[in-house]
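Participant: Next up is a structure, given as structure tokens.
The values are calculated or read from the model by the stated rules, or taken from the named source; none is laboratory data. As the structure is a computational prediction, the values presented were derived from the model and not from experiment. Here the Cβ is made from the backbone with ideal geometry for all residues, glycine too, and neighbour counts use every protein chain on show.
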Amino acid sequence: MGGQRGFTLVEILTVLAVIGILSALTISALSSLSGADNLDTGGSMIVDLANQARQNSASQGVLTALVMVNNVPNNPDANNRLFILLELPQGEDGTTSSWQPVSKWCLLPKDVMVDVGQSSFTRANFQPTLPQALPTLSYLGAPFALNSGNCSYQIFMPDGQLAVKGYAQLQAPDLRMARGKNGSLLASQSNFHQINFNLYTGTPSVVRP
């Protein structure tokens with residue numbers, strides 16, 4: 001009987017190279033799927049918050065603000081990913097007190113953030129004048145005052161409409177989410193989720209490319 005023939009070094013290296021290529025392709029595919037799932041989850045989170053804001057305004061007869069923090073103290077990874085709902089109670093005499101949280105902080109999924117440059121939600125000319133200044137809140141133990149320099153917002157009114165400056169031009173705000181982290185978008189943004197808000201009902205809808 002002849003001796004068994006072993007693998008040559010070239011054959012072994014070729015097999016290892018093929019395995020490496022297949023592994024890289026698999027990881028890339030899984031990463032892409034995970035990113036798409038995170039965008040789906042993020043879109044659902046914003047839609048849920050917007051619907052909660054609408055319901056709160058209608059049931060309580062108050063203004064409800066959907067607020068996104070653009071600049072989170074000591075936590076840049078949360079920039080353009082952190083949301084909260086605030087309401088402005090009104091007394092019987094028509095006076096307002098101060099904004100109060102009606103939800104917990106809501107952070108978008110990992111590697112998903114708002115594309116500020118493609119979102120009219122964040123533009124000053126789409127944001128109404130506040131009847132009262134936004135409050136000072138705390139996130140992960142760090143207190144900070146919400147203001148026009150570090151947050152964006154839209155306000156839902158009791159009659160269901162949005163109180164946006166663009167209302168006179170019949171322009172509704174939108175909010176686009178894309179892949180990114182640490183406050184920076186990833187290079188390719190062919191995959192994104194856009195939330196469009198109806199001016200007259202405040203109803204959010206999701207648009208995908």
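Conditions tested, residue by residue: (1) of a type in the set (S, T, N, Q); (2) under 15 Å from the mean Cα position of the chain (by Cα); (3) within 19 Å of residue 185 (Cβ to Cβ).
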position	(1), (2), (3)
104	no, yes, no
117	no, yes, yes
120	yes, yes, yes
129	yes, no, no
133	no, no, no
139	no, no, no
143	no, no, no
149	no, no, no
152	yes, yes, yes
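Participant: Name the residues in segment 141-163 that are of a type in the set (A, V, I, L, M, F, W, C) and surrounded by 15 or more Cβ atoms within 10 Å (Cβ to Cβ), would you?
Facilitator: Applying the first criterion (of a type in the set (A, V, I, L, M, F, W, C)) to segment 141-163 yields 142, 144-146, 151, 155-157, 162-163.
144, 146, 151, 155, 156, 157, 162, 163 - these are the residues of segment 141-163 that are of a type in the set (A, V, I, L, M, F, W, C) and surrounded by 15 or more Cβ atoms within 10 Å (Cβ to Cβ).
Participant: Pick from segment 58-85 the residues that are closer than 15 Å to residue 163 by Cα, out of contact with any helix residue (DSSP H, G or I) (no Cβ under 9 Å at 6 or more places or on another chain) and among the small types (Gly, Ala, Ser): which of them is modelled with the highest pLDDT?
Facilitator: Checking each candidate, the answer is 58.
Participant: Scan 8, 14 and give me the residue that is exposed (fewer than 10 other Cβ atoms within 10 Å of the Cβ), of a type in the set (Ser, Thr, Tyr) and at pLDDT 65 or above. Break it down into steps so the answer makes sense when it comes.
Facilitator: Numbers: 14 fails: exposed (fewer than 10 other Cβ atoms within 10 Å of the Cβ).
The match here is 8.
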